[in-house]
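Trainee: The structure under discussion is supplied below as structure tokens; questions concerning it will follow.
The values are calculated or read from the model by the stated rules, or taken from the named source; none is laboratory data. On a predicted model such as this, the values are computed, not experimentally measured, just so you know. Here the Cβ positions follow ideal geometry from the backbone for every residue, glycine too, while neighbour counts run over all protein chains shown.
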């Protein structure tokens with residue numbers, strides 16, 4: 001699988017809150033990412049908005065009870081990547097392709 005570098009822009013940063021614009025992504029990434037973030041008990045809010053699918057980039061908003069929101073995002077993304085790799089390996093093993 002080919003990896004592409006994603007452009008992430010910090011729109012707003014506070015001690016326990018962050019707003020990120022993630023270029024080139026849509027619901028396919030943001031739904032599982034926000035779900036994984038909400039599994040973390042330190043995450044108070046994890047949501048995103050896409051003003052218009054054709055003309056705007058998604059904005060992810062994360063608010064923590066305490067701790068660094070960027071660290072929580074990296075942890076959630078790393079966990080998702082691992083889960084996707086595990087799924088891919090199981091799929092390839094089971095698929096008759």
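Trainee: Within the range 28-72, take every residue that is buried (at least 19 other Cβ atoms within 10 Å of the Cβ), in contact (Cβ under 8 Å) with a residue 24 or more places away in the chain and under 15 Å from residue 11 (Cα atoms) and give me the one that is nearest to the chain's Cα centre (by Cα).
Mentor: The residue in question is 60.
Trainee: Continuing with this model, one more query. Name the one entry in 25, 21, 17, 12 that is over 13 Å from the mean Cα position of the chain (by Cα) and in contact (Cβ under 8 Å) with a residue 12 or more places away in the chain.
Mentor: One residue alone meets the criteria, 17.
Trainee: Select, from 66, 25, 85, the only residue that is part of a loop (DSSP other than H, G, I, E, B), under 23 Å from residue 5 (Cβ atoms) and modelled with pLDDT of 90 or more.
Mentor: When all the criteria are applied, what remains is 25.
Trainee: The conditions are (1) under 28 Å from residue 87 (Cβ atoms); (2) part of a loop (DSSP other than H, G, I, E, B), and residue 31 fails exactly one of them. Which is it?
Mentor: (2)
Trainee: If we scan the range 73-94, do we find a residue that is within 17 Å of residue 14 (Cα to Cα) and surrounded by 14 or more Cβ atoms within 10 Å (Cβ to Cβ)?
Mentor: yes
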